[in-house]
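Read through the structure below, which is laid out as structure tokens, and then see the notes.
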Amino acid sequence: MRLLKKGLEIELYGGTKEGKVLPLSTRLSKHFKNITQEPDERNFEYTTKPTTNYEDLFNQIILPRMMIRKYLKELDNLTLIPGSTLSLPFKKIFSPSKPYEPYHKFIGKTYKTKIITTSLHINIGIKDYETLFRLLCALRFDTPLFLALSASSCFYDGKLSGFHSYRWHIFPKTPHFIPFFTNHNEYVRWVNQELQTKKMFNVRHLWTSIRPNGPDRPEKLNRIEIRICDFIKDINQSLALVAFIETICQSYLINDEWPKIICQKKSSLDKLVKLLENQEELAAKEGLNAKIWDWRTDSQKTIQEIITSLYKDLLSTGKKLSMNSYLKPILQILETGNETTHFLNEYKKNKSIDITIQHFIREFNKMDLDALRQIKKGY
């Protein structure tokens, strides 16, 4: 039994210690080769290389981030800012990072500032196409769980949003209807049709909670990309979420026992699309407290209850793969809440979004310094 390859796309904000997000991606991308620009300059991204090793993944998250922190501090005493939406008041004008790039121009014109968010995209490497599409279907039923664990966007434009993940609530999902892809041929045909009818601008313009990915979409694929997660500032909790998703995958692969729900006809699966989108919206609204359909037991439960039960079921698989130590921070999230819960608890104390964000800017910096020390001591 081998661990799967995995990698992360990590989106971030940079700005002042007071919490103002600044358009920094152009300067950062010129200074760092591994930073890519999002359509608006106010968020940027770096990507880890595929690895089976969680210690390596930990290093790949923190080391570039500390280099970015150093550069920002030297630039103008700037820092990294947590949260997955623009928490404080901001200019509603799109600030294009590549004004002459057709795709970026299209995004800016079509979606405007709704796409200025940060997130954690989790890629799980799968080479066999039959297995990839089975897992893609199975994991799609669990995307609300992943969102609830990661939610970190309760503030927007200087106001309480009323959501645990306002990012996922406002982020445009496109095309309008995304069916279940039960095999590679279905996926290729669907993508080509969407491109032909101009419902998608290009192969990247498939914005859904989970999708196939690879070096030459739609023909050449090598991974599943989970896109629903908010940015998590705690690296150990980020790794725990990756481990949670991998253990779910490994449980299917090792036991060769697939959910009966994905074995039904494609037309029956597609009837569930709207239900699952509604469940993602419930997770965005209420986080771990959201009450959704637990497909495993065919009953209504809170997401917290579903994850608690699933976590226990996964421990035997985790033990076989020596992964349980990486899974443990999931229990911490279940006990103390996701990042939105922490933001809201702090806000209740001081009644100020500005002061709350400034508090977590300092905490984010401290967490990263602690993570760096963790490496030096030997992860």
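Return yes when E9 is in contact with a His (Cβ under 9 Å, 6 or more places away or on another chain), acidic (D, E) and either modelled with pLDDT of 95 or more or over 24 Å from T340 (Cα atoms) (or both) and no when it is not. Here the answer is yes, as E9 does meet what is asked. Out of the residues in the stretch 270-319 that are of a type in the set (A, V, I, L, M) and over 24 Å from V242 (Cβ atoms), which is surrounded by the fewest Cβ atoms within 10 Å (Cβ to Cβ)? Applying the filter and picking the extreme gives L275. Scanning the stretch 107-117 for residues that are among the charged types (D, E, K, R) and either assigned to a strand (DSSP E or B) or crowded, with 24+ Cβ neighbours inside 10 Å (or both) yields a count of 0.
How many residues does the stretch 330-359 hold that are among the aliphatic types (A, V, I, L, M), surrounded by fewer than 19 Cβ atoms within 10 Å (Cβ to Cβ) and within 22 Å of L147 (Cα to Cα)?
Total satisfying the criteria: 3.
Of all residues in the stretch 118-147, those that are touching a strand residue (DSSP E or B) at 6+ places or on another chain (Cβ under 7 Å), closer than 30 Å to N289 by Cα and outside any helix (DSSP H, G or I) total 7.
The set of residues in the stretch 311-345 that are among the hydrophobic types (A, V, I, L, M, F, W, C) and touching a strand residue (DSSP E or B) at 6+ places or on another chain (Cβ under 9 Å) comprises F343, L344.
Scan the stretch 57-71 and tell me whether some residue there is of a type in the set (D, E, K, R), over 30 Å from N183 (Cα atoms), modelled with pLDDT of 95 or more and loosely packed, with under 14 Cβ neighbours inside 10 Å. Yes: the stretch 57-71 contains one or more residues that are of a type in the set (D, E, K, R), over 30 Å from N183 (Cα atoms), modelled with pLDDT of 95 or more and loosely packed, with under 14 Cβ neighbours inside 10 Å.
The one condition from (1) assigned to a helix (DSSP H, G or I); (2) touching a strand residue (DSSP E or B) at 6+ places or on another chain (Cβ under 6 Å) that S87 does not meet is (1).
Among the conditions (1) surrounded by fewer than 19 Cβ atoms within 10 Å (Cβ to Cβ); (2) more than 20 Å from the chain's Cα centre (by Cα); (3) not in a loop (DSSP other than H, G, I, E, B), K33 misses just one, which is (3). Of all residues in the stretch 342-351, those satisfying the criterion of being part of a helix (DSSP H, G or I) and either free of Cβ contacts under 8 Å to residues at least 12 places away in the same chain or farther than 13 Å from F155 by Cβ (or both) are N345, K348, K349, N350. The number of residues in the stretch 360-376 being surrounded by fewer than 17 Cβ atoms within 10 Å (Cβ to Cβ) and touching a Phe, Trp or Tyr at 6+ places or on another chain (Cβ under 8 Å) comes to 2.
The values are calculated or read from the model by the stated rules, or taken from the named source; none is laboratory data. These numbers were taken from a predicted model, which means no experiment stands behind them. Reconstructed Cβ throughout: ideal geometry from the backbone, glycine too, with neighbour counts over all protein chains shown.
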